[in-house]
Amino acid sequence: MFRDMAWRKKRAGRDRAGTPPRVPDDCRVYAVGDIHGRVDLLAALHDRIRDDAATATAGRKVLVYLGDYVDRGPWSFDVVDMLVEAPLEGFEIVHLKGNHEDFLLRFLEEDPGKTPEENLDEADLWFINGGDATLHSYKVPLLTLPFGLAGLETARRAFAAALPPSHMTFFRGLEMFHVEGDYLFVHAGIRPGVPLDEQDEEDLLWIREGFLDSDADFGHMVVHGHTPEVETDVRPNRIGIDTGAVFTDRLTCLVAEGDSTRFLHT
């Protein structure tokens with residue numbers, strides 16, 4: 001279940017210059033980890049964020065979601081609908097793209113550069129990784145899996161018809177990363193040594209090896225999800241906040257203000 005949890009732990013600390021990273025003055029930033037269809041946990045965490053933000057004296061309150069809203073958990077539709085139709089008020093809200101949203105969009109928008117068989121393999125990979133739960137939440141009937149090309153096209157058409165236009169706008173409008181002061185927010189991580197504006201989208205959505213085990217100064221404190229851990233993973237150069245909500249019932253939010261950080265959990 002947690003096959004990605006074997007990464008070697010290190011002692012958390014400050015950057016090499018001994019100066020802790022900061023968010024901009026007069027700003028409190030909240031970052032929410034991978035939700036994966038757990039609208040119950042998202043609603044509970046929203047309550048905690050709302051209560052916490054009521055104590056803020058900062059003029060700006062920024063709320064960043066790190067992606068992977070869908071798949072695996074039973075309520076992907078409800079998660080997206082809550083984010084679209086009932087966003088927390090009083091926040092600047094940023095929705096980042098996760099690899100599971102990329103799976104979903106690739107399913108809906110078949111790659112003309114791939115053969116039908118390659119697109120079928122990609123769809124099967126999505127379903128193996130929880131995409132079947134997403135289609136079920138949108139009330140799309142599935143044939144036996146894996147299915148053939150005809151079944152793939154039937155499922156694609158049914159999903160496109162079931163997807164509210166506002167949800168499609170949401171998925172297409174997701175951002176790849178967000179910067180606040182010394183912090184970089186991204187779904188999976190970044191490739192060490194590559195300038196931010198030259199990062200490959202696949203790395204931003206998928207990277208583990210070469211990032212998680214890197215001691216490099218990334219130029220920012222990187223806050224990421226994608227790799228589930230039982231506890232938050234705080235390192236000198238990155239903070240992982242995917243606490244495997246769909247498996248652990250623990251959805252995590254990082255709170256950064258000035259040069260301090262803390263966490264809210266369900």
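Things worth noting here:
- Screening segment 82-101 for residues that are farther than 12 Å from Asp68 by Cβ and of a type in the set (Asp, Glu) and picking the one that is nearest to the chain's Cα centre (by Cα) gives Glu92.
- Some residue of segment 184-195 being surrounded by fewer than 20 Cβ atoms within 10 Å (Cβ to Cβ) and in a helix (DSSP H, G or I): no
- Test for Ala43: is it surrounded by fewer than 23 Cβ atoms within 10 Å (Cβ to Cβ) and hydrophobic (A, V, I, L, M, F, W, C): yes
- Selection status of Ala44, farther than 28 Å from Cys27 by Cα and in contact with a Leu (Cβ under 8 Å, 6 or more places away or on another chain): no
- Check on Ile128, β-branched (Val, Ile, Thr) and at pLDDT 95 or above: no
- When Arg235, Arg191 are checked against the criterion of being basic (Lys, Arg), closer than 22 Å to Glu180 by Cβ, in the same structural domain as Ile35 (by TED's automatic domain parsing) and out of contact with any Phe, Trp or Tyr (no Cβ under 8 Å at 6 or more places or on another chain), Arg235 stands alone in meeting it.
- Number of positions in segment 31-61 that are in a strand (DSSP E or B) and touching an Asp or Glu at 6+ places or on another chain (Cβ under 8 Å): 2
- Qualifying positions in segment 205-215 - in contact (Cβ under 8 Å) with a residue 60 or more places away in the chain and either touching a strand residue (DSSP E or B) at 6+ places or on another chain (Cβ under 7 Å) or within 12 Å of Ala188 (Cα to Cα) (or both): Leu205, Trp206, Arg208, Leu212
- You will find that of Val64, Val70, Val84, Val94, the residue that is among the aliphatic types (A, V, I, L, M), assigned to a loop (DSSP other than H, G, I, E, B) and assigned by TED's automatic domain parsing to the domain that holds Gly189 is Val70 and no other.
- Answer residue from segment 216-266, given it is in contact (Cβ under 8 Å) with a residue 60 or more places away in the chain and among the acidic types (Asp, Glu) and is surrounded by the most Cβ atoms within 10 Å (Cβ to Cβ) among those: Asp242
- Qualifying residue in segment 210-222 (condition: outside any loop (DSSP other than H, G, I, E, B) and assigned by TED's automatic domain parsing to the domain that holds Ile49): yes
- Unique match (being within 22 Å of Val94 (Cβ to Cβ), part of a helix (DSSP H, G or I) and among the polar types (S, T, N, Q)) among Thr169, Thr227: Thr169
- Of all the numbered requirements in (1) among the small types (Gly, Ala, Ser); (2) surrounded by fewer than 14 Cβ atoms within 10 Å (Cβ to Cβ); (3) without any contact (Cβ under 8 Å) to a residue 12 or more places away in the chain, Gly151 misses one, and that requirement is (2).
- Test: residue in segment 151-161 that is among the small types (Gly, Ala, Ser), modelled with pLDDT under 90, outside any helix (DSSP H, G or I) and over 18 Å from Asn99 (Cβ atoms): no
- Of the residues making up segment 230-266, just one is part of a strand (DSSP E or B), within 21 Å of Val39 (Cβ to Cβ) and of a type in the set (Ser, Thr, Tyr), namely Thr252.
- Failed item, numbered, when Asn129 is tested on (1) in the same structural domain as Asp81 (by TED's automatic domain parsing); (2) surrounded by 14 or more Cβ atoms within 10 Å (Cβ to Cβ); (3) under 18 Å from the mean Cα position of the chain (by Cα): (1)
The values are calculated or read from the model by the stated rules, or taken from the named source; none is laboratory data. Just so it is clear, the model here is predicted, and its values are computed rather than measured. With ideal geometry, Cβ positions are generated from the backbone for all residues, glycine too; neighbour counts draw on all protein chains shown.
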